[in-house]
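Trainee: Handing you a structure now.
The values are calculated or read from the model by the stated rules, or taken from the named source; none is laboratory data. Since the model is a prediction, treat every value here as computed from it, not as a measurement. When we count neighbours, we look across all protein chains shown, and the Cβ atoms used for this are built from the backbone with ideal geometry, even at glycine. Heavy atoms of the whole protein, side chains included, go into the accessibility calculation; ligands, DNA and RNA do not. Shrake-Rupley method; radii C 1.70, N 1.55, O 1.52, S 1.80 Å.
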Amino acid sequence: MYEKVKRYIEKHHMISEKDKVITGVSGGADSVCLLFILIRLMEERGFMLHAVHVNHGIRGEAADRDEAYVRKICGRRKVPLTVFRENVPAYAKQHGLTEEEAGREVRREAFENVMRQQKGTRIALAHHMNDNAETVLWNLCRGTSLKGLGGIAPVSGVWIRPLLCVKRREIESYLEKWGISYCTDETNACNAYTRNRIRNEIIPYMERNMNEQTVLHMAETAERMRVIEDYVRREALRLKGECTVRDSLGRLILKQGRFQAADEALRSYILHEVLCEAAGHRKDIEAIHVKILEELLGKQVGRRADLPYGTTAVRCYEGIRFEKAGETEKNAEPEKKFAVRILEREEISEAFPKNPYTKWFDYDIIKNTVKMRHREPGDYLTIDKSGNTQKLKQYFINEKIPREMRDRLWLLADGSHIIWIVGCRQNQMYQVTDKTKRILEIQFYGGENDGRDNKCYAQ
């Protein structure tokens, strides 16, 4: 079995000669087997090993005997050991968790603390093939994604699981062959926990009555699911880049048209990746949040949905815009500047400016003092040479300019008559003609993008 585990470690590049491996040792068969295999491999490869034992404060004298046994075997084999004592029932009550959940959290924190203190590089856990089968079944019962069908990953960041390639029976046989004793946790025989019922009743029934290689076949299927899930995630990440842009304030926008052009099988994964980026976290981003985004795409512009980590999704013309609390203040509008000059037409030899942020207007037909401002009630513009007008609000709606951008657009105004929506449209009435004698030139610039963040979303 040692050679089998050794090949599995090599296949998944779990341990190198430069590593310092932190391994959890409860005293049970699985963790003791892992400890002895790692000791043997350490003697061959030369990496460093440090053991961790967590006394959960649940099983009284039995837990103390487990701790004493782990101290003894680590002492005999000269493996450094750190022991933690934690009142898991009290921890569970304080954090609103089951004792099983609290135990997992306490162990994880212990391993990570030792890793930091000892400058470790890997954390080895003793999950085996039966654990993987139990996980897949449990995930299926609760409802799961491709990731859940993949069960337990052999490598996840610094976490490694060298025994995933062997069954529980192989572990027990290995310990018996080498005369290695271990502790037995009597709570493992109690079927009050769902996992114990799967372990003690469901999987044995399947092996006896359906296929004796049930555990092996489930492990093989889980491995194939992990490969597929990895491919799907990479594709989702690639498409996420094609489906998203950042607006002038740096906010992430999902482009509905491009998103809906993606294969339906990938859309939920794309939404998950987009939301993770918008939120800045992966933890606690669940299927229900992806469902909220799917539903939001079918709603009218302006609808909003609150999501984890202070993230808000807003339905906009382009698709969905993601906002974070305090983002508006952080991305305050940069300073804008304008240059103005009046030109005599007969003295001009240059051609009409082609720069969209430099415009000429017929100065003689302007009735009021020209102002550069943001929108106000009653604003309108002339939309054609026949003199037809349109309210500015209606123009914004027709051109699908996002609501939150409308108050930020700069306008050149003659009273309530809008001469120019900077970066967008120029009023037909004020255009320079053959009859123009004096020209008003306005040049718009400033800010990081030289004023280009004032551009329209649709033209």
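Trainee: Only sites in a loop by DSSP and with at most 11 other Cβ atoms within 10 Å count here; which GluC sites (Glu not before Pro) in segment 1-61 make the cut?
Mentor: E17
Trainee: Quick check on the chain: helices-only [θ] at 222 nm, where DSSP H runs of length 4 and up contribute -39,500 (n - 2.57) each and the sum goes over total residues. Nearest 500, please.
Mentor: Calculated at 222 nm, the ellipticity per residue is -12500 deg cm²/dmol.
Trainee: Here's another thing I want to ask about it. For the Cα atoms of the chain, what angle does the longest principal axis make with the long axis of helix 99-118, in degrees from 0 to 90, nearest 10?
Mentor: Rounded to the nearest ten degrees, it is 80.
Trainee: Okay, moving on. Given a cut-off of under 8 Å on Cα pairs at least six residues apart, what relative contact order in percent is computed for the chain?
Mentor: Here the relative contact order equals 11 percent.
Trainee: Counting only trypsin sites (Lys or Arg not before Pro) that are in a DSSP loop and have at most 12 other C-beta atoms within 10 Å, tell me the longest site-free stretch of the chain.
Mentor: 120-281
Trainee: Residue by residue through segment 29-35, which ³J(HN,Hα) values in whole Hz follow from phi under the Karplus form 6.51 cos²θ - 1.76 cosθ + 1.60 (θ = phi - 60°), with glycine and proline marked x?
Mentor: 4, 5, 6, 5, 4, 4, 4
Trainee: Sticking with this one: Over 23 Å between Cα atoms: which of K11/K147; K18/K177; K119/K177; K371/K393; K72/K177 fall into that group?
Mentor: Going by Cα-Cα distance, K18/K177; K119/K177 fall outside the 23 Å limit.
Trainee: Given (i) 41, 24, 23; (ii) 68, 23, 20; (iii) 44, 31, 20 as candidate values of semi-axes √(5λ) of the Cα gyration tensor in Å, which corresponds to the one derived from the coordinates?
Mentor: Read-out from the structure maps to (ii).
Trainee: If amide H atoms are built 1.01 Å from N in the plane of the peptide, which residues on other chains or at least 5 residues away come under 5 Å of the amide H of T244?
Mentor: Long-range HN contacts for T244: K255.
Trainee: Amide H to amide H under 5 Å from L81: which residues, 5+ apart in sequence or cross-chain, H placed 1.01 Å off N in plane?
Mentor: Here A51 satisfy the definition.
Trainee: Follow-up. For the chain, what is the charge dipole size about the Cα centre, in debye to the nearest 20, if Lys and Arg each add +1 at the Cβ and Asp and Glu each add -1 at the Cβ?
Mentor: 340 debye
Trainee: Write down the accessible area per residue of the chain in Å², having rolled a 1.4 Å probe over the full set of protein chains.
Mentor: Per-residue value: 54 Å².
Trainee: Related question: In the neighborhood of V432, defined by Cβ-to-Cβ distances under 11 Å, what is the net charge if each Lys or Arg adds +1 and each Asp or Glu adds -1?
Mentor: +1
Trainee: Round to the nearest 10 and give me the degree value, 0 to 90, for the angle of helix 168-177's Cα axis relative to the longest principal axis of the chain.
Mentor: Between the helix axis and the principal axis of the chain, the angle is about 40 degrees.
Trainee: What ³J(HN,Hα) values, in whole Hz, does the Karplus curve 6.51 cos²θ - 1.76 cosθ + 1.60 give for segment 147-159 when θ = phi - 60°, with x put for Gly and Pro?
Mentor: Along segment 147-159, the couplings run 4, x, 5, x, x, 8, 7, x, 9, 9, x, 7, 7 Hz.
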